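A.B. asks: Have a look at this one before I ask anything.
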Amino acid sequence: TKKETSNTELINFRKQYLGKSLSLQYKTPIKMVRGAGQYLMDEIGTKYLDTVNNVAHVGHEHFSVVKAGQEQMALINTNSRYLHENINALTSELLKTLPPELNVLHFVNSGSEANELAIRMAKAATGEKDIIASEVGYHGNSNMCVAISSYKFDGKGGDGAPEHTHVFPIPDNFRGKYTGNNTGKLYVHEVEKCIVNIHNKGRNVCAFIIEPIISCGGQIELPEDFLAQSYKLIRKTGGVCISDEVQTGCGRMGNTFWGFQLHNVVPDIVTIGKPLGNGHPIAAVACTQEIADKFANGMEYFNTFGGNPVSCAIASEVLKTIKRENLQENALKVGEFLKNELKLLAKDFPIIGAIRGQGLFLGIELVDHNLKPLAAQTDYLANRMKDHKILMSVDGPDHNVLKIKPPIVFSKENTEELLFYLRKILSEDFMHSI
Ligand code: PMP
C-alpha cells in the first residue's frame with residue numbers, strides 16, 4: 001500500500017543519512033502527524049492513546065501553550081542579554097513552586113544541559129570532581145552526563161564507570177541487592193561506601209545525583225528515609241545534593257509538585273527538563289544562592305537559546321496551565337485509581353511482580369515465580385497494546401518494566417481503556433507460554 005511504501009522510504013532515508021545509534025520505536029514504526037491531549041494520530045488518521053509521553057505534559061499541542069509560543073515568536077526572539085519580561089515572569093512562576101532555599105535559576109535547553117550545568121556548579125562550589133550516582137541512573141547525553149549515567153556506561157557500548165564516578169546499587173527493594181521492607185539503611189550504607197572510597201583516594205565528594213523515582217531503572221521508588229539519610233552523609237562531607245527532576249517534576253507525582261518533596265528533603269540543586277516546555281526545548285537549573293554565587297566566579301555563563309522570550313512564554317504558560325486545569329490533582333486522582341486497579345490486576349496475573357510509582361508515573365514489572373525478569377513477555381505486551389492503539393514504553397535494566405507516564409491530562413476513562421486491554425493481552429497464550 002501507499003502508506004507502507006512511504007514509511008519504507010522514510011526508514012530507508014533515515015538508515016542512509018541519519019546516525020545509526022538513533023533508534024525507532026516498535027517493530028513496524030509509526031509515522032505520527034498530529035497530537036492532541038493524550039492522543040497521537042498517524043498519517044491515515046488512526047488515533048493512539050499515549051501513556052508514554054511525559055514531555056507533552058499538559059497534553060499534546062495544548063492550545064494555550066501553542067498560542068503563547070506563536071504570539072511571542074511573531075514579536076521577538078533573542079538571547080537573554082537584552083531585558084525582557086518573559087524570563088522574569090517565568091522565574092517568578094517557577095520559584096513559587098520551589099522551597100525558599102532554592103532561589104536562583106539558570107535556563108537551558110534540555111535535561112542534559114541542565115545536568116551538565118548542575119555538575120559544573122557542584123564542581124565550582126566544592127572544588128571537587130567525584131560524583132556519586134545510582135546504578136542504572138540516566139542523566140543525559142553529553143560527555144559529563146554519560147559519565148555519571150550507569151544506564152549508559154554499564155550498558156551496551158559503554159566501558160564502565162570513569163575514575164571520578166562512584167555507583168551504588170540501585171535501591172530497588174523488589175529485585176535489588178537488598179529486598180523487602182526497611183532496606184533504606186542498607187542502601188544508605190552503600191552510599192556511605194562510595195564516600196569512604198572517595199576519601200580513601202585522598203579526595204572528597206563533589207555531588208550526589210539521583211532521581212526521586214529512578215525512571216530508566218524501571219520506575220524504582222526510593223526506600224523510606226534513603227534520600228534524607230543519604231543527603232545528610234553527603235552534606236557532612238561537603239558534597240552537593242542534586243535532584244534530577246527531568247522526568248518527575250512539574251506535578252506528575254500528584255501528591256507533590258516535585259519528586260524530592262515526597263522525601264521531605266531540600267536539594268542544593270534541582271534540574272528541570274522535559275515537561276517544562278511541553279515539547280518545546282526549555283530546561284532549567286534551580287540552586288541555592290550560595291552555589292550560584294560560587295559558580296559566578298568571573299567566567300560568564302552564556303547560553304544562546306537558554307531563557308529566550310519564546311521558550312519562557314511557553315514554559316510560563318505550561319506552569320499556568322497545570323494550575324488552571326488542576327493537573328497535579330488530576331495526576332494524583334487518576335494515578336491513584338490506576339495504581340489500585342493495577343494492583344488488583346496483579347492478583348489475577350501473577351507474572352505481574354510489582355506495581356509501583358506515584359501519581360501518573362507508574363511501573364508494572366513482569367517476572368516469573370523465581371523473580372526472573374520476563375523481557376519477551378513485556379515486549380510482547382507493549383507491541384500488542386500498540387495493536388489496540390495504546391502506546392506503552394518498556395524500560396529497566398532487564399527490559400521487563402512497562403512504564404506509564406502519560407500527559408497528565410490522562411483521564412479515568414483512559415485508565416479504564418488501558419486496564420481493559422492490559423487484562424485482555426495478559427490473558428493471551430503467549431504471556432503464559434514460557
Ligand atoms: N535526566 C533524566 C532523568 C532523563 O530521563 C533525561 C532524558 N530521558 C535526561 C536527564 C536528559 O534530558 P534530555 O534528553 O532533554 O537531554
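The values are calculated or read from the model by the stated rules, or taken from the named source; none is laboratory data. Note that the coordinates shown come from a computational prediction; the quantities given were computed from them, not determined experimentally. Cβ atoms come from the backbone with ideal geometry, glycine included; neighbour counts cover every protein chain shown.
A.B. asks: Take segment 146-175 and flag every residue that is part of a loop (DSSP other than H, G, I, E, B) and either within 12 Å of the ligand (Cβ to nearest atom) or buried (at least 19 other Cβ atoms within 10 Å of the Cβ) (or both). Write out each step before concluding.
C.D. replies: Of all residues in segment 146-175, those part of a loop (DSSP other than H, G, I, E, B) come to 148-149, 154-164, 169-175.
Within segment 146-175, I148, S149, I170, P171, D172, N173, R175 meet the criteria.
A.B. asks: Return the residue satisfying two criteria in turn: it lies in segment 134-145 and is out of contact with any strand residue (DSSP E or B) (no Cβ under 7 Å at 6 or more places or on another chain) and touching a residue at least 12 places away in the same chain (Cβ under 8 Å), and of such residues it is nearest to the ligand (Cβ to nearest atom).
C.D. replies: Here the answer is G140.
A.B. asks: Return a yes/no flag: does segment 210-218 have any residue that is away from the ligand (no atom under 16 Å from the Cβ) and in contact (Cβ under 8 Å) with a residue 40 or more places away in the chain. Let's see the steps before the verdict.
C.D. replies: The first filter runs over segment 210-218 and keeps only residues away from the ligand (no atom under 16 Å from the Cβ), leaving none.
Scanning segment 210-218 turns up no residue that is away from the ligand (no atom under 16 Å from the Cβ) and in contact (Cβ under 8 Å) with a residue 40 or more places away in the chain.
A.B. asks: Please pick out the residue among I87, I119 that is over 19 Å from S311 (Cβ atoms), surrounded by 14 or more Cβ atoms within 10 Å (Cβ to Cβ) and of a type in the set (V, I, T). Spell out the reasoning first.
C.D. replies: Details: I87 fails: over 19 Å from S311 (Cβ atoms).
Just one listed residue meets the conditions, I119.
A.B. asks: For segment 92-120, give me each residue that is more than 20 Å from the chain's Cα centre (by Cα) and either in a loop (DSSP other than H, G, I, E, B) or within 11 Å of the ligand (Cβ to nearest atom) (or both).
C.D. replies: So the first thing to find is which residues in segment 92-120 are more than 20 Å from the chain's Cα centre (by Cα), and the list is 92-93, 95-96, 99-104, 120.
Those that are more than 20 Å from the chain's Cα centre (by Cα) and either in a loop (DSSP other than H, G, I, E, B) or within 11 Å of the ligand (Cβ to nearest atom) (or both): K96, P99, P100, E101, L102, N103.
A.B. asks: Of the residues C206, C241, which is more than 16 Å from the ligand (Cβ to nearest atom), in a strand (DSSP E or B) and over 15 Å from the mean Cα position of the chain (by Cα)?
C.D. replies: On the way: C241 fails: more than 16 Å from the ligand (Cβ to nearest atom).
Step by step, each of C206, C241 is checked, and only C206 is more than 16 Å from the ligand (Cβ to nearest atom), in a strand (DSSP E or B) and over 15 Å from the mean Cα position of the chain (by Cα).
A.B. asks: Give just the number: which of (1) at pLDDT below 95; (2) of a type outside the set (S, T, Y); (3) in a helix (DSSP H, G or I); (4) surrounded by 11 or more Cβ atoms within 10 Å (Cβ to Cβ) does E4 not satisfy?
C.D. replies: (4)
A.B. asks: If you don't mind, another one. Looking at (1) hydroxyl-bearing (S, T, Y); (2) at pLDDT 95 or above; (3) surrounded by fewer than 17 Cβ atoms within 10 Å (Cβ to Cβ), which is the only condition S433 fails?
C.D. replies: Evaluating S433 over (1) hydroxyl-bearing (S, T, Y); (2) at pLDDT 95 or above; (3) surrounded by fewer than 17 Cβ atoms within 10 Å (Cβ to Cβ) leaves (2) as the failure.
A.B. asks: Restricting attention to segment 121-132, does a residue exist that is within 16 Å of the ligand (Cβ to nearest atom), polar (S, T, N, Q) and either modelled with pLDDT of 95 or more or not in a strand (DSSP E or B) (or both)?
C.D. replies: No, segment 121-132 has no match at all.
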